[in-house]
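The values are calculated or read from the model by the stated rules, or taken from the named source; none is laboratory data. Quantities reported herein were computed from a predicted structural model and do not represent experimental measurements. Backbone-built Cβ (ideal geometry, glycine too); neighbour counts: all protein chains shown. For accessibility, only protein heavy atoms count, side chains too; no ligands or nucleic acids. Shrake-Rupley method; radii C 1.70, N 1.55, O 1.52, S 1.80 Å.
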Amino acid sequence: MHIPRKPLLSLALALCSLAALAQEPQHLFFRVTVGPRFTTPVSGRLLVFLTTGTGAKQVDENPFAPTAVYVAAKEVSDLTAGNSVDIDTDDVAFPSGFSSLKNGDYQAQAVLDVNHNYNYGGRSAGDLTSDVVPLASFTPGQSAEPVFTLNNVVPQRPSRPDPPGFEKSAHLEGFISPALTAFSGRPIHIRAWVITPPDYDQNPKRRYPTVYWTHGFGAPFEYEKIMGGSILGLMEKKKLPPMIWVMLDESCPTGTHEFDDSVNNGPWGTALTTEYIPYLEKKYRMDARPSGRFLQGHSSGGWATLQLQIDYPGVFGGTWSTSPDPSDFHDFTGIDLYAPHANVYKSPDGTAYPLIRDHAKIIGTFEQFAKNERVLGPYGGQIASFEWVFSPRGPDGRPVPMFDRNTGDTDPTVIAYWHDHYDLANIVQKTWAERGTRLKGRIHVFVGTADTFYLDGAAHKIEAVLKALNADAHFTYIPDRTHFDLYTTYPAGGDPKGDRLGLFTQIGTEMYAVARPHANWRPAE
């Protein structure tokens, strides 16, 4: 029997295609159902977290073990009680699609991020969660499809008890900014806890130096209150001189706004210096002059305070910034953004750029961090937060990405914009002729030589620029300290575990010597 060659060829190709499809891993779907208790529609970013093991009460991502937890995501809207949605765990997922999992014992949990702020601070009040679902001897594509029911609500975090004297000395100050409101088209508040020294009410004619402090990325507003209580306690113990501390909140829906003017977030620097500070100085007995206005902050707060001193040298009399985010983009957590064909994932020799370390041990790479952040949500994460401050605004009303999230390749146009507007080393160098006399001796930076995010590198870069300008800047590199133990000191005869706030005493003493040069204030032993 004669069979034409063309049909035979077509049949062979079809069989090959079927064989190839059979070998390809099939996408793995998990079903999530809204529990019966929710009578109104719910929306948000649906996240499913999965890790090995059994018995966990909660399954959550961990930036210090970036590949230990898998996460898949999907945007959902207007789900009501009993509604279900299938989430493709191979579509938007990290570190890879769930179908790549090997046979084993796993546990998983679904979370509905209703406020789209998981990327900033994790689960928050109002988010919906399922129970942790055990997946014993789970084999992707063979085991039954897991089912999750959103039947829990994340409660409001309980507030810590206020320390003694806090109610008398702590004042919550909210202020609607005209500049930010005009930019956004809706009321925008600047808020802070104002901490007055213990003797404030006993000395009605006395004025005080003022410190404007702000926090790092991920801190909730409750943290400003906690730190304000700690500052008050240090003043009561005579470990800090009597000053007014303004514990500023720099968090926003897009991350941290850094108190810098931005085409995306709005004029936060202008609002702080021309609106909020004058408002406070009319209400409190502050020195209200540069020699009595100081800045202090850590991490993103360290960058914000360094930026404020450089951009507003006529307003502030000095910054004491600790572990600031990259201030010279020749070293953006170890990456030279100005190198030809710069890539934030791979160095020229092909090795991955690290981002997180524990002393000599690399914990995670820039690529892992960026791709995990992309799954968790399009904004509110640390890297996206930089873009919301530093990047030009795109046609879609969002900041133009600095780099391609798939490849790590940078956008030279965006890098040039970052350089001109937000590279602090470049700004101080090109404006030194006009600002130098008001900046000399006013920049103080502290960073650990084992900083968790490699931030000591950029500190060395901007220090070199300032040295060349004879800026009399003061940089302190604390040996073997990380991002998280920088403030701990070990006074002789003290607790062997150290004083975790000890660096505040040194910083406060130095500030007070500027504001009150003849006071000769010394901390209590």
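List of remarks:
- Being crowded, with 24+ Cβ neighbours inside 10 Å, out of contact with any helix residue (DSSP H, G or I) (no Cβ under 9 Å at 6 or more places or on another chain) and more than 30 Å from THR407 (Cα to Cα) is a property that THR319 lacks.
- Within the set GLY448, GLY436, GLY408, GLY441, the sole residue that is touching a Lys or Arg at 6+ places or on another chain (Cβ under 7 Å) and surrounded by fewer than 21 Cβ atoms within 10 Å (Cβ to Cβ) turns out to be GLY408.
- The condition of being assigned to a loop (DSSP other than H, G, I, E, B), among the hydroxyl-bearing types (Ser, Thr, Tyr) and surrounded by 18 or more Cβ atoms within 10 Å (Cβ to Cβ) holds for only one of TYR487, TYR512, that being TYR487.
- Test: residue in region 439-447 that is touching a helix residue (DSSP H, G or I) at 6+ places or on another chain (Cβ under 6 Å), closer than 18 Å to GLY297 by Cα and either free of Cβ contacts under 8 Å to residues at least 40 places away in the same chain or in a helix (DSSP H, G or I) (or both): no
- In this structure, GLY55 does not satisfy being in contact with a Leu (Cβ under 6 Å, 6 or more places away or on another chain) and either surrounded by fewer than 17 Cβ atoms within 10 Å (Cβ to Cβ) or not in a loop (DSSP other than H, G, I, E, B) (or both).
- For region 172-191, the condition of being in contact with a Pro (Cβ under 9 Å, 6 or more places away or on another chain), touching a residue at least 24 places away in the same chain (Cβ under 8 Å), open to solvent by less than 40 Å² (accessible area, probe 1.4 Å) and assigned to a loop (DSSP other than H, G, I, E, B) holds for at least one residue.
- Pairing residues of region 227-242 that are within 12 Å of THR196 (Cα to Cα) and assigned to a loop (DSSP other than H, G, I, E, B) with residues that are open to solvent by 20 Å² or more (accessible area, probe 1.4 Å) and among the hydroxyl-bearing types (Ser, Thr, Tyr), at Cβ distances under 6 Å and at least 6 apart in sequence or on separate chains, gives no pairs at all.
- Looking across region 142-170, the residues that are open to solvent by less than 70 Å² (accessible area, probe 1.4 Å) and either of a type in the set (Gly, Ala, Ser) or touching a Cys at 6+ places or on another chain (Cβ under 8 Å) (or both) come down to SER143, GLY165, SER169, ALA170.
- Unique residue being open to solvent by less than 40 Å² (accessible area, probe 1.4 Å) and under 17 Å from ASN372 (Cβ atoms) when the list is VAL48, VAL42, VAL92: VAL48
- Summed over region 468-498, residues that are of a type outside the set (Val, Ile, Thr) and either touching a strand residue (DSSP E or B) at 6+ places or on another chain (Cβ under 9 Å) or under 22 Å from GLY301 (Cβ atoms) (or both) total 17.
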